[in-house]
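J.: After the structure tokens below, expect a handful of questions from me.
The values are calculated or read from the model by the stated rules, or taken from the named source; none is laboratory data. Given the structure is predicted, the values throughout are model-derived calculations rather than measurements. Neighbour counts are summed over all protein chains in view; Cβ atoms, including those assigned to glycine, are modelled from backbone coordinates with ideal geometry.
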Amino acid sequence: MKRVIIIGASSGIGRGLAEHYLREGCRVGLVGRREHLLREVADCDPERCRYAVADISRPHSAAALEHLAATLGGMDLCVAAAGTGELNPALDFDLEASAILTNVLGWTAAVDWAYAFFERQGGGHLAVITSLGGLRGSGAAPAYNASKAYQINYTEGLRQRAARARLALTITDLRPGLVATAMAKGEGLFWVMPLDRVVRQIVRALHRRRRVAVVTRRWRIAGWLLRHLPTWIYLKM
């Protein structure tokens with residue numbers, strides 16, 4: 001029976017993935033800071049689902065993660081889905097600090113724990129949910145896009161580390177566009193994808209053990225444009 005731990009499982013993509021893997025018959029470990037939301041998911045299948053309450057913005061949660069993995073009897077797949085970000089046209093530092101604490105400091109501690117666990121185990125599958133926003137900077141949400149760029153580069157560094165060590169570890173960078181969750185902020189948003197479609201395409205990418213996957217497929221067009229759009233045009237957008 002596959003054992004899956006999802007960090008950031010109380011809502012959004014993380015919760016959608018948790019519910020999917022429970023339906024597939026996996027043993028699932030949930031990690032998040034809102035216990036009542038974790039309990040909602042766990043109560044649907046208490047035999048195969050466990051949870052640990054942990055705030056990803058506080059990087060000292062390895063003990064809770066380790067205990068959760070032991071409760072499941074191990075870990076085959078870890079998905080780091082936790083993240084935050086706010087539109088911040090006024091450059092309010094409190095908003096920037098929240099994104100940095102969660103998406104950089106806490107995120108790094110979580111994925112380092114997962115990597116070390118798989119290293120001790122001799123292999124596994126680590127997946128991280130970054131964002132197409134990490135491909136370019138954003139005047140509206142500077143810390144969010146910058147933190148996602150950090151995650152993309154850090155993930156590539158871990159992949160190189162695993163390759164050099166000949167570790168049987170698949171590392172998947174999942175880059176969503178806009179998804180119909182609380183993270184989609186702003187007016188006049190286009191191509192906001194339904195959560196269930198995003199979850200299905202993420203599951204497919206994980207099953208195929210992709211290194212990088214843009215979801216949904218139509219956002220690959222936007223990703224290509226972001227990478228190739230001349231800077232002088234991008235700065236005027």
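J.: Residues that are modelled with pLDDT under 80 and assigned to a loop (DSSP other than H, G, I, E, B): does the range 206-215 have at least one? It would help to see each step written out before you state the result.
T.: Taking the range 206-215 and keeping what is modelled with pLDDT under 80, we get none.
Looking through the range 206-215, none of the residues is modelled with pLDDT under 80 and assigned to a loop (DSSP other than H, G, I, E, B).
J.: Also, I was wondering about something else. So for the range 187-200 (the condition being closer than 18 Å to residue 137 by Cα and either exposed (fewer than 12 other Cβ atoms within 10 Å of the Cβ) or modelled with pLDDT under 95 (or both)), does at least one residue qualify?
T.: Here is the first cut: in the range 187-200, the ones closer than 18 Å to residue 137 by Cα are 189.
Now narrow it down to the ones that are either exposed (fewer than 12 other Cβ atoms within 10 Å of the Cβ) or modelled with pLDDT under 95 (or both): 189.
Checked against the condition, which is being closer than 18 Å to residue 137 by Cα and either exposed (fewer than 12 other Cβ atoms within 10 Å of the Cβ) or modelled with pLDDT under 95 (or both), the range 187-200 yields at least one hit.
J.: Here is a follow-up. If residue 121 meets every condition in (1) closer than 30 Å to residue 217 by Cβ; (2) touching a Gly at 6+ places or on another chain (Cβ under 8 Å); (3) of a type outside the set (Ser, Thr, Tyr) apart from one, which number is that one?
T.: The single condition residue 121 does not satisfy is (1).
J.: Farther than 26 Å from residue 24 by Cβ, in contact (Cβ under 8 Å) with a residue 12 or more places away in the chain and not basic (Lys, Arg), is that true of residue 139?
T.: Numbers: farther than 26 Å from residue 24 by Cβ: yes; in contact (Cβ under 8 Å) with a residue 12 or more places away in the chain: yes; not basic (Lys, Arg): yes.
Criteria met by residue 139.
J.: Of the residues in the range 111-141, how many are modelled with pLDDT of 95 or more, surrounded by 16 or more Cβ atoms within 10 Å (Cβ to Cβ) and assigned to a helix (DSSP H, G or I)?
T.: Adding up the residues that qualify gives 6.
J.: Suppose we filter the range 194-216 for residues that are among the charged types (D, E, K, R) and farther than 17 Å from residue 12 by Cβ; how many remain? Outline the logic, then answer.
T.: First pass over the range 194-216, keeping only residues among the charged types (D, E, K, R): 196-197, 200, 204, 208-211.
Now narrow it down to the ones that are farther than 17 Å from residue 12 by Cβ: 204, 208-211.
Result for the range 194-216: 5.
J.: Those residues that are within 18 Å of residue 113 (Cα to Cα) and either of a type in the set (D, E, K, R) or assigned to a loop (DSSP other than H, G, I, E, B) (or both), I need them from the range 1-38; list them, please.
T.: 3, 8, 9, 33
J.: Looking at residue 70, is it buried (at least 20 other Cβ atoms within 10 Å of the Cβ) and not acidic (Asp, Glu)?
T.: Numbers: buried (at least 20 other Cβ atoms within 10 Å of the Cβ): no; not acidic (Asp, Glu): yes.
Against the criterion (buried (at least 20 other Cβ atoms within 10 Å of the Cβ) and not acidic (Asp, Glu)), residue 70 does not qualify.
J.: Being touching a strand residue (DSSP E or B) at 6+ places or on another chain (Cβ under 6 Å) and either more than 16 Å from residue 4 (Cβ to Cβ) or among the acidic types (Asp, Glu) (or both) is the filter here, so list the residues in the range 41-74 that pass it.
T.: 54, 64
J.: Run residue 106 past the list (1) surrounded by 21 or more Cβ atoms within 10 Å (Cβ to Cβ); (2) touching a Phe, Trp or Tyr at 6+ places or on another chain (Cβ under 6 Å); (3) not charged (D, E, K, R) and report the number of the one that doesn't hold.
T.: (2)
J.: Now for a different question. Can you tell me which residues in the range 1-42 are farther than 19 Å from residue 54 by Cα and without any contact (Cβ under 8 Å) to a residue 12 or more places away in the chain?
T.: The answer is 23, and nothing else.
J.: Name the single residue that is surrounded by the fewest Cβ atoms within 10 Å (Cβ to Cβ) among those in the range 50-66 being in contact with a Leu (Cβ under 6 Å, 6 or more places away or on another chain), touching a residue at least 24 places away in the same chain (Cβ under 8 Å) and not aromatic (Phe, Trp, Tyr).
T.: 59
J.: Among the residues of the range 85-94 satisfying the criterion of being part of a loop (DSSP other than H, G, I, E, B) and free of Cβ contacts under 8 Å to residues at least 60 places away in the same chain, which is farthest from residue 147 (Cα to Cα)?
T.: Out of the qualifying residues, it is 90.
J.: OK, next. Might you let me know whether the range 47-61 holds any residue that is of a type outside the set (S, T, N, Q), over 30 Å from residue 142 (Cα atoms) and part of a loop (DSSP other than H, G, I, E, B)? Don't jump to the end; show me each part of the working.
T.: As a first pass, look at the range 47-61 and keep what is of a type outside the set (S, T, N, Q): 47-56, 58-60.
Filter once more, keeping what is over 30 Å from residue 142 (Cα atoms): 47-52.
Adding the requirement that they be part of a loop (DSSP other than H, G, I, E, B) leaves 47-48.
Looking through the range 47-61, at least one residue is of a type outside the set (S, T, N, Q), over 30 Å from residue 142 (Cα atoms) and part of a loop (DSSP other than H, G, I, E, B).
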